[in-house]
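Written out below as structure tokens is the structure these notes cover.
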Amino acid sequence: ENTPRALNFGAGPSPLPLSVLMKAQTSLLNYEGTGMSVMELSHRSKPFMQLMTHLKSTMRELLEIPNTHDILLMQGGGTGQFSAVALNLLAARAPRRQAYYAVTGSWSKKAAEEAKALGVEVVEAVNGAKELGGYTGIPPAGAWRLPENGGKAEEEVAYAYYCGNETIHGVEYSMPETLSNLNSFLPVSVPLVADLSSNILTRKIDWTRHAVVYAGAQKNIGISGVTVVVVRRDLLDTATPEHIPLVLDWRVCAQADSLYNTPPRRWGGLRGLDQRAAEKSSLLYRTMDESDGYYRCPVDPGARSRMNVVFRLANEDLETKFLEESVKTGFVQLKGHRSAGGIRASLYNAVELSAVEALAKFMREFQAGHPL
Ligand code: PLP
């Protein structure tokens, strides 16, 4: 009972605010006077429908989503949407089969591979690993290959796709600046799709340019089990020539108000603060910059993620020592993704500034204690 809350820098599922957990605890046995937990309520019952409506309206308000777009709550996670994007947009944009994917890290690469497996003619708009020798930034404008404005693109290209924040490599588009690479080349008529799984609710989204935005809830919104999919309504109006698995079909979900089948249950309580994201991440990047090269960030300054701060130490032994001591100090999940190595501190919305301050202090103390 006296165990202090862990200083959790995990990449997802992310920590939840204490206030949200306390509220969930008290409402577990009696949700809004129903005498039941939210998990036991029928998904057709009034209190549950009200919860869903509240969720969607809160999301619409926070992200300033216009009425041109519908909000869907789906299952299957971000991975489910890798498939759903391909299947739904091939259907909505038939007979077009081509799609441009900007590959800037593992997640956009996976999405492109899944689209290809489902019959999309994938064109790599850009590949960070090939252009930069690794996923260390967003390649400059000259490296991009996008369809030109005009008839051919409109006739052939079903959609274009990018991942706003690469969770494993710590590479983020500093929208709108870097995103203009994509925007300035892409014909406006081609739907733009964004995977914002790890940076939704941390910055504004330009809805005039985005046809589809999706994000799993488990990082910046709440717990795993729900995926938020925002889709421009005209893409839901089309007749589907081929069958799309029911749980992945955006139109089925939209027509049923996201209650086609039994949905998972989740808590509310969102706080997306652009400024907080900047403040927390810049504290860590500053600590690295002031470390005389002791801590090195492999990502270009212009593409450094505010959500997943990755860095390396001089060698793997020192990194192991860093991780061991961090655990003793009370930090958890600072180990980088197994495919990337190094250290990764994920700073989703629920991570407190005080935890990040404690981490920066620990980094300075570790450096002093283990000079090179
Ligand atoms: N896209 C991004 C950017 C992610 O970070 C992740 C998971 O970490 C995914 C997609 C896959 O999401 P899920 O685990 O919900 O399938």
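Taken together, the values in this text are just the output of simple stated rules run on the coordinates, not laboratory data. On a predicted model such as this, the values are computed, not experimentally measured, just so you know. Using ideal geometry, Cβ is built from the backbone for each residue, glycine included, and neighbour counts are taken over all protein chains shown.
For the pair segment 192-226 / segment 1-52, the C-alpha centres are spaced 21 Å from each other. Cα-based values for segment 32-255, radius of gyration first and Dmax second, are 17.7, 61 Å.
Put a dot 7 Å past the Cα of A278, heading toward its Cβ, do the same for L246, and the two dots end up 4.7 nm apart. Relative contact order for the chain: 22 percent, from Cα pairs under 8 Å spaced at least 6 residues apart, divided by residue count.
Listed by chain and number, the lysines whose C-alpha is less than 17 Å from the C-alpha of K280, apart from same-chain residues fewer than 8 away, are K219, K361.
Helices in the chain that qualify as membrane-span-like (whole DSSP H runs, Cα extent of at least 18 Å along the helix axis, mean Kyte-Doolittle hydropathy of 0.5 or higher) are 77-92. Under 19 Å of direct C-alpha separation, and excluding same-chain neighbours fewer than eight residues apart, K109 reaches these lysines: K130. Between S42, S83, S282, where does the largest GNM mean-square fluctuation fall for the chain, given springs only between Cα atoms within less than 10 Å? Residue with maximal mean-square fluctuation among S42, S83, S282: S42. Of all beta bridges DSSP finds with both residues in the chain, what is the antiparallel percent, to the nearest 5? Antiparallel bridges make up about 50 percent of those DSSP assigns within the chain. For K321, the lysines whose Cα comes closer than 16 Å to its Cα, not counting residues fewer than 8 places off in the same chain, are K335.
The calculated FRET efficiency for R97 paired with Q255, based on their beta-carbon distance and R0 = 25 Å, is about 0.45. Counting only the Cα atoms, segment 271-369 fills a convex hull of 100 Å³ per residue. Counting only DSSP H runs of at least 4 residues, each contributing -39500 (n - 2.57), and dividing by the residue count of the chain, the helix-based mean residue ellipticity at 222 nm comes to -10500 deg cm²/dmol.
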